[in-house]
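Below you'll find the structure, written out as C-alpha cells, and then a few comments.
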Amino acid sequence: MRLYSLDADWWPIISPAHEYDELALACLAMLQDAVEGDLGRLMELGCGYAPMADHWPDDLQLTLVDMSPDMLALAAERHPRATTLKADMRELSLDEPVDAILLQDAVMYLLSRNDLQATFRAAFGSLRPGGAFLVVPDIVKEAYEETTLSGGGEAEDGRAFRMQEWHFDPDPSDHTTQAAFSYMLRWPDGRVEHHGETHTMGLFSVHEIQTALEQAGFELLQPDILPAGLPFLARKPV
Ligand SMILES: C[S@@+](CC[C@H](N)C(=O)[O-])C[C@H]1O[C@@H](n2cnc3c(N)ncnc32)[C@H](O)[C@@H]1O
C-alpha cells in the first residue's frame with residue numbers, strides 16, 4: 001500500500017497529530033481505569049506515525065508496533081524513547097508483557113475472523129494478568145453504510161495534500177469492504193502528483209468482536225463512549 005510506504009511521510013499532513021488529543025487522552029483514561037494495578041507500559045498496535053503517543057505522558061513506557069517500516073520509522077523519529085517493533089499484529093510475541101494494549105484505526109486491516117482471533121490471542125499473550133486491551137474499530141457491521149469523504153491539509157514546508165475516500169461494500173454477506181483512495185500531493189514548487197489505490201478492509205459485528213475477545217481469554221468490560229468509533233474494552237483475568 002503506497003499510502004503506508006512511498007507516501008508515508010505525508011501522514012502528519014493527512015491526519016495531523018493535534019487532532020488526536022481528545023481521543024488519545026480518552027483511550028488512556030479508559031485503559032487506566034480498566035487495568036488492575038499501575039499502567040506503566042503501554043503498547044499500541046498499528047501505531048502508524050504514532051500521533052496518539054504525542055498526547056501521552058513522557059514517563060509511560062511505550063511499545064509502538066506497525067508492519068510498515070516507513071510508518072514505524074516516522075514513529076521512531078517522533079518518539080525516540082519508545083520501543084518500536086516492526087511486526088504483524090496477528091503474529092506478535094513479546095519477551096516482556098505490558099500493562100495495556102491499544103488497537104485504534106487499524107482494526108480494519110484484519111480481514112477475517114481468523115485475523116481477529118489471531119490478533120486478540122497475540123494481545124492476550126502480550127499482557128500481564130490484570131492488563132487491559134482497548135479495541136477501537138472505525139466502524140462495526142451494524143453501522144456500516146457507503147460513504148464518501150474528502151479532506152486535505154497544508155504543511156509548513158509548503159507541501160499540501162487533497163484526498164477523496166470512497167467506502168463501499170460489494171458483497172455484504174462477507175467480512176470485507178473496499179476503500180478507494182484518490183489523492184493529490186502538491187510539492188512546494190507547485191508540482192502535483194496524482195495517486196490512487198484501493199484497500200480491502202475488514203468489517204465485523206459487535207457480537208463477532210466480543211466473541212473473538214472472549215475466545216482469546218479476555219473478560220469483557222463496559223467501555224465509555226469515545227470521540228471515534230465504538231470501543232471494546234477487555235481485561236486479562238488475574
Ligand atoms: C490508518 S493507519 C492508522 C495508524 C494509527 N493507529 C493512527 O490512528 O494514526 C493504519 C496502520 O495500520 C498498520 N497495519 C495494517 N495492518 C497491520 C498489521 N497486520 N500489523 C501491524 N500493523 C498493521 C498500517 O501499516 C498503518 O500504519
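Rounded to the nearest 500 deg cm²/dmol, what is the calculated helix-only ellipticity per residue at 222 nm for the chain, with -39500 (n - 2.57) per DSSP H run of length n ≥ 4? Don't skip to the end; give the middle numbers.
Values: 5 runs with 53 residues, N = 238.
Roughly -6500 deg cm²/dmol at 222 nm, from the helical runs in the chain.
Build a GNM of the chain with springs between Cα atoms under 10 Å: which of GLN32, GLN215, GLN117 gets the top mean-square fluctuation?
Ranking GLN32, GLN215, GLN117 by mean-square fluctuation puts GLN215 first.
Quick check: with the 1.4 Å probe, what order do SER15, SER182, SER126 take by accessible area, largest first?
Numbers: SER15 25, SER182 75, SER126 0 Å².
The most accessible residue leads, giving SER182, SER15, SER126.
How high is the relative contact order of segment 141-202, in percent, with contacts defined as C-alpha pairs under 8 Å that are six or more residues apart?
Numbers: 115 pairs, mean separation 16.7, N = 62.
The normalised contact order for segment 141-202 reaches 27 percent.
Tell me, what is the per residue accessible area of segment 9-125 in Å², probe radius 1.4 Å?
Working: 5270 Å² over 117 residues.
Dividing the accessible area of segment 9-125 by its residue count gives 45 Å².
In the chain, what % of DSSP beta bridges are antiparallel (nearest 5)? Can you show the working numbers first?
Working: 35 of 54 bridges.
Antiparallel: roughly 65 percent of the beta bridges in the chain.
From the convex hull of the Cα coordinates of the chain, what is the mean projected area in square nanometres? All intermediate terms of the calculation are to be shown ahead of the outcome.
On the way: hull surface 49.6 nm².
For the Cα atoms of the chain, the hull's average projected area reads 12.4 nm².
Taking a 1.4 Å probe, which of LYS236, LYS141, LYS86 shows the most accessible area, and what order do the others take after it?
Largest accessible area first, the list is LYS86, LYS141, LYS236.
Report the Cα centroid-to-centroid distance between segment 189-231 and segment 14-40 in angstrom, as an integer.
Each part reduced to its Cα centre gives a spacing of 16 Å.
Within the chain, what whole-number % of the accessible surface is contributed by carbon and sulfur, with the 1.4 Å probe and all protein chains included in the calculation? Each step should come with its number before you reach the end.
Values: 5690 of 11550 Å².
Carbon and sulfur: 49 percent of the exposed surface of the chain.
The values are calculated or read from the model by the stated rules, or taken from the named source; none is laboratory data. It should be emphasised that the depicted structure is a prediction, and the values quoted were computed from it without experimental measurement. These accessible areas exclude ligands, DNA and RNA; they are computed on the full protein's heavy atoms, side chains included. Shrake-Rupley method; radii C 1.70, N 1.55, O 1.52, S 1.80 Å.
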